[in-house]
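Just below is one structure, and these are the notes that go with it.
Bear in mind these aren't lab numbers, they're just calculated from the coordinates by the rules spelled out. Note that the structure is predicted; figures quoted are calculated from it, not measured. In this analysis, Cβ positions are derived from the backbone assuming ideal geometry, glycine residues included, and neighbour counts consider all displayed protein chains.
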Amino acid sequence: MWKGLGSFEGKSAPSTWVYRVALNTAITFRRKNGRRVEPSACLLEESNQDPVAPSSPGNEIMILEEFLRSLEKIDRAIFLLYLEDLSYHEISDVTGLTENHVGVRISRLKKIFTQRYYGG
């Protein structure tokens, strides 16, 4: 953050700029270090269990982690920003997509989540 502070032009909210810097830093880190598989991801992939049932007590975090792992990078970023209660406009600023495109993706992600975990 401190390296890029001088380049902040004030065209967006400071929080939006922070998200954008964080997202770009994470993407750069991932490119430099390659893909690393998390231990919990290995355990879930190696098990022959069905996807976690939403009605099971205490499984909300596991459901969310499983769903996030199934998404492409941009959809994962959009969904995480949505969960942080950012507006479509703020998500648009962070991702570089139009507000309409963000809305369409969020709607699609909600539908996928609902179908996958609630059969609806």
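List of remarks:
- Net +/- balance of residues flanking E9 in space, Cβ distance below 15 Å, scoring K and R +1, D and E -1: +1
- At full extension, R108 and M62 could sit 14.5 nm farther apart than now, given 0.36 nm per residue minus the alpha carbon distance.
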